[in-house]
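One structure is given below, encoded as structure tokens.
All of the numbers you see were taken from the coordinates with simple rules; none came from a lab. Not measured: the values here are computed from a predicted model. Neighbour counts are summed over all protein chains in view; Cβ atoms, including those assigned to glycine, are modelled from backbone coordinates with ideal geometry.
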Amino acid sequence: MDMKRDYYEDIQLFSSGVVIFWFVAMMVFLAVVPFIFKNYYIYVINFMAINVIVVLGLNLLVGYTGLISLGHAGFFAIGAYGTVVLITQAHLPFLLALLVAGLIAAIFGFLLGLPALRLEGPYLAIATLGFGVTVTQVIGKIKILGERQGLHAPDLIIGPWHFDTDKDFYFLLIPIAIILAFAARNITKTKVGRAFISIRDAEIAAETMGVNLTFYKTLAFALSAFYAGIGGGLYAFVLRFIEPELFSLSLSIMFLTMAVVGGLGSMMGPIAGACLLSWLDLQLRNILDIPYLGEWLRSLSQSYFSLTGVSNIQYIVFGGILLFIMLFEPLGIFGIWIRTKKYWKTWPF
Amino acid sequence: MAFFEVKNLSIYFGGLVALDGISFTLNQGEIYAIIGPNGAGKTTLFNCINGIYHPSHGDILFKGQSIRGKKPDKVARMGIARTFQNIELFNNMNTMENIMLGRHLRMKTGLFRGAFLWGKRSFAGLEEVAHRRKVEEIIDFLDLQSSRNKLVGGLPYGTQKQIELARALALEPELLLLDEPCAGMNAEEKQDMIFWVKDVQDELGVTVLLIEHDMQMVMDISDRILVINFGRPITEGTPSEVQRHPEVLKAYLGENEGVCAA
């Protein structure tokens with residue numbers, strides 16, 4: 001074995017040929033998807049990409065820095081409304097509006113990060129939860145934000161291109177998601193990411209080694225809010241219509257569930273978690289249309305639960321998945337992946 | 001101007017007097033030990049120096065500048081590093097990354113340059129490699145090669161203590177606070193640790209403030225010793241002076257020798 005090695009190996013993105021192979025395979029797959037799948041599936045993938053962006057940011061906060069947020073729907077809403085209003089009222093071009101809305105969300109993230117310096121665990125959860133709920137309440141009262149009636153997203157135009165169909169959005173969303181995923185991964189491998197992890201693992205030691213807790217905790221919040229804001233800005237256009245109801249507490253919990261199910265503190269885990277739960281979320285909404293099962297669930301619901309019980313079945317399933325993950329696989333999908341890899345590496349022993 | 005000076009330092013927790021009028025001066029390049037029975041206030045003193053606790057009275061001067069009331073990260077910035085009695089490592093990072101955190105203050109990669117770590121030639125890439133090389137020197141110095149890429153959480157206790165020392169050294173401190181570096185170590189590990197602390201003083205020229213219960217280590221390497229008990233200073237002097245001091249014997253062995261003999 002070559003003993004003389006380069007330090008760059010420790011941090012480089014593609015540590016081996018296998019990784020490069022899978023990365024290229026993934027890129028090729030993503031490039032051909034819009035040409036082989038039906039429109040509905042492209043919509044589903046767009047939806048996944050948005051959730052991936054938000055969960056990447058949330059994971060930097062919860063998984064890497066060890067802080068919690070139950071208010072990410074608030075940042076998501078700020079990003080969504082910000083982008084739409086900056087385009088319709090301030091006439092900014094789309095990409096600039098998206099970036100500015102992301103930065104506005106980041107500023108709110110920074111402000112929410114300030115109480116986080118003193119709060120921990122359940123107390124921080126409550127504070128962020130309050131923030132998330134407040135945002136939608138406030139938006140519901142502001143006239144230019146459409147109050148409770150909501151807002152229509154304008155046409156999406158970047159330079160000479162008009163983005164109309166789900167396929168068009170796909171070519172916008174996927175590159176943004178990939179860039180943000182690489183950025184998140186690189187951050188975790190360099191100085192800022194190490195500071196985040198050090199705060200999570202041993203706060204006092206981090207402090208005595210020179211990590212400024214005030215700076216890095218608020219930075220983690222701001223960065224995480226930025227990701228959520230970008231996700232929200234894109235969401236407004238994929239959905240074409242936004243209203244305060246969309247950004248409820250259950251959405252915040254859903255983001256957190258995606259991160260936890262995927263595996264906090266890993267990179268691929270939350271991405272997988274976001275994809276899996278986004279897919280389930282959309283599929284379970286149509287569960288009543290499935291022959292036999294749908295009818296059975298409907299009769300079950302009507303005889304034992306409320307009439308509307310089954311329409312929110314996705315939350316019941318998510319709750320179940322979350323419980324299962326907490327009890328049996330605290331590292332989430334990432335943990336399952338690690339164990340599978342180990343099993344096959346050492347097979348048949 | 002003294003290199004490091006603690007002046008009449010006191011701290012109260014409610015009615016409890018944890019430290020009461022501690023004063024001492026460190027000369028540059030010496031190893032100064034603080035000993036005393038359990039609960040004497042040694043670690044509290046370190047926490048005051050570090051800025052984790054805020055002293056009620058007195059002052060702490062480092063190179064003529066007061067560091068009392070400064071936040072821990074500002075104290076670290078001035079060149080004071082420490083290790084902990086109960087290991088405080090970042091369990092989910094490997095040895096290399098743990099020590100890399102010690103380089104935190106000497107690195108400039110921010111959020112943006114970090115996010116765009118595109119290849120070896122980017123700013124972040126160059127800086128990472130340069131600092132990893134520096135950390136490798138420390139790994140060599142402390143013989144940590146075998147655990148270089150392992151998560152520290154699963155490493156043996158003695159190795160973890162070593163990594164704490166390595167992380168503190170990565171800061172390139174002028175003053176190093178060691179809180180019981182030998183606690184819980186076996187004889188061989190202890191010998192190594194004594195050797196390294198001596199090396200830190202000789203080769204790197206770092207001033208060491210040491211808390212230790214292991215008398216062999218204290219008497220071997222300290223230039224001067226301060227004995228405290230119940231937060232109050234008992235005596236200060238060279239190892240041989242301290243060993244003969246009647247108050248020290250009383251604090252460590254108890255008052256009535258007859259009881260011990262019986």
> What full-extension length gain, to one decimal in nm, is calculated for B:Tyr157 and B:Asn27 as 0.36 nm per residue of separation minus the Cα-Cα distance?
Replying inline: 43.6 nm
> Residue farthest toward the positive end of the dipole of the protein assembly as shown, with Cβ of Lys/Arg at +1 and Asp/Glu at -1: which of A:Leu156, A:Gly71, A:Ala127?
Replying inline: A:Leu156
> How far is it, in nm, from the label point at B:Thr238 to the one at A:Phe171 when both lie 7 Å from their Cα along the line to the Cβ?
Replying inline: 8.4 nm
> Alpha carbon centre of the stretch A:53-67 versus the stretch B:85-109: separation in Å?
Replying inline: 20 Å
> Using r as the Cβ-Cβ distance of B:His54 and A:Trp22, and R0 as 45 Å, what FRET efficiency do you calculate, to the nearest 0.05?
Replying inline: 0.30
> What do you get when you divide the Cα radius of gyration of the stretch A:135-206 by 2.2 N^0.38 Å, with N the number of residues?
Replying inline: 1.78
> By count of other Cβ within 10 Å, fewest leading, how are B:Thr25, A:Thr190 ordered?
Replying inline: B:Thr25, A:Thr190
>> Would you work out the Kirkwood radius for chain A? I mean one over the mean of 1/r across all pairs of different Cα atoms, in Å.
In response: 21.5 Å
> What full-extension length gain, to one decimal in nm, is calculated for A:Leu111 and A:Tyr304 as 0.36 nm per residue of separation minus the Cα-Cα distance?
Replying inline: 64.9 nm
>> Using alpha carbons only, how many angstrom separate the centre of the stretch A:130-161 from the centre of the stretch A:199-257?
In response: 19 Å
> How long is the stretch B:1-102 along each principal axis, judged by its Cα atoms, biggest number first, in Å?
Replying inline: 41, 33, 24
> With respect to the cross-link table entries A:Lys217/B:Lys70; A:Lys38/A:Lys341; B:Lys74/B:Lys108; A:Lys217/B:Lys74; B:Lys120/B:Lys161; A:Lys189/B:Lys108, which display a Cα-Cα separation exceeding 22 Å?
Replying inline: A:Lys38/A:Lys341; B:Lys120/B:Lys161
> Pulled fully out, how much extra length does the chain show between B:Lys63 and B:Asp202, if you take 0.36 nm times their separation in residues and subtract their Cα-Cα distance?
Replying inline: 48.0 nm
> Under a point spin-label approximation (7 Å from Cα along Cα-to-Cβ), what is the B:Gln145-B:His213 distance to one decimal in nm?
Replying inline: 3.5 nm
> Sorted from largest down, what three extents in whole angstroms do the Cα atoms of chain B have along their principal axes?
Replying inline: 72, 40, 33
> Taking the Cα atoms only, what angle lies between the long axis of helix B:157-170 and the longest principal axis of chain B, rounded to 10 degrees?
Replying inline: 70 degrees
> Hey, what's the Cα Rg ratio for the stretch B:91-170 versus the globular rule of thumb, 2.2 N^0.38 Å?
Replying inline: 1.13
> Roughly how big is chain A's charge dipole about its Cα centre, with Cβ charges of +1 (Lys, Arg) and -1 (Asp, Glu), in debye to the nearest 20?
Replying inline: 400 debye
>> Can you compute the FRET efficiency between A:Gln89 and B:Phe195 using 1/(1 + (r/R0)^6), with r the Cβ-Cβ distance and R0 = 60 Å? Round to the nearest 0.05.
In response: 0.30
> In µm²/s, what is D for the protein assembly as shown at 37 °C and 0.692 mPa s, where D = kT/(6 pi eta Rh) by Stokes-Einstein and Rh is the Kirkwood radius from Cα pairs?
Replying inline: 120 µm²/s
> Residues in the stretch A:313-349 near a label at A:Trp296, defined as backbone nitrogen under 20 Å from the 7 Å Cα→Cβ point?
Replying inline: A:313-318, A:320-321
> When N is the residue count of the stretch B:22-160, what does its C-alpha Rg come to as a fraction of 2.2 N^0.38 Å?
Replying inline: 1.27
>> If neighbour count is taken as other Cβ atoms inside 10 Å, put A:Thr340, A:Thr257, A:Thr214 in order from fewest to most.
In response: A:Thr340, A:Thr214, A:Thr257
> Label points 7 Å out from Cα along the Cβ direction at A:His162 and A:Phe215: separation in nm?
Replying inline: 4.9 nm
> Hey, what do the phi angles of the stretch A:23-38 turn into as Karplus ³J(HN,Hα) couplings, whole Hz, using 6.51/-1.76/1.60 and θ = phi - 60°, x for Gly and Pro?
Replying inline: 5, 4, 4, 5, 5, 4, 4, 5, 6, 8, 3, x, 9, 10, 9, 6
>> Placing +1 on the Cβ of each Lys and Arg and -1 on the Cβ of each Asp and Glu in the stretch B:91-170, which of B:Gly114, B:Ala170, B:Val129 has its Cα farthest towards the positive end of the resulting dipole?
In response: B:Gly114
> So what is the orientation-averaged projected area of the stretch A:83-217, using the convex hull of its C-alpha atoms, in nm²?
Replying inline: 10.6 nm²
> Which whole-Hz couplings ³J(HN,Hα) result when phi for each residue of the stretch B:120-130 is put into the Karplus expression 6.51 cos²θ - 1.76 cosθ + 1.60, θ = phi - 60°, listed in order with x for Gly and Pro?
Replying inline: 4, 8, 5, 4, 4, x, 4, 5, 4, 5, 4
>> Report the Cα centroid-to-centroid distance between the stretch B:114-174 and the stretch B:27-51 in angstrom, as an integer.
In response: 27 Å
> Treating the beta-carbon of each Lys and Arg as +1 and of each Asp and Glu as -1, no other charges, what is the dipole magnitude of the stretch A:196-349 about its Cα centre, to the nearest 20 debye?
Replying inline: 460 debye
> Based on Cβ point charges of +1 for Lys and Arg and -1 for Asp and Glu, what charge dipole magnitude is obtained for the stretch B:91-170 about its Cα centre, in debye rounded to the nearest 20?
Replying inline: 300 debye
> Which percent of the Cα-Cα distances in the stretch A:205-340 go past 18 Å?
Replying inline: 68 percent
>> Taking every pair of distinct Cα atoms and averaging 1/r, then inverting, what Kirkwood hydrodynamic radius in Å comes out for the stretch B:18-78?
In response: 12.5 Å
>> For a Förster distance of 30 Å, can you work out the FRET efficiency between the beta-carbons of B:Glu137 and B:Phe230, rounded to the nearest 0.05?
In response: 0.10
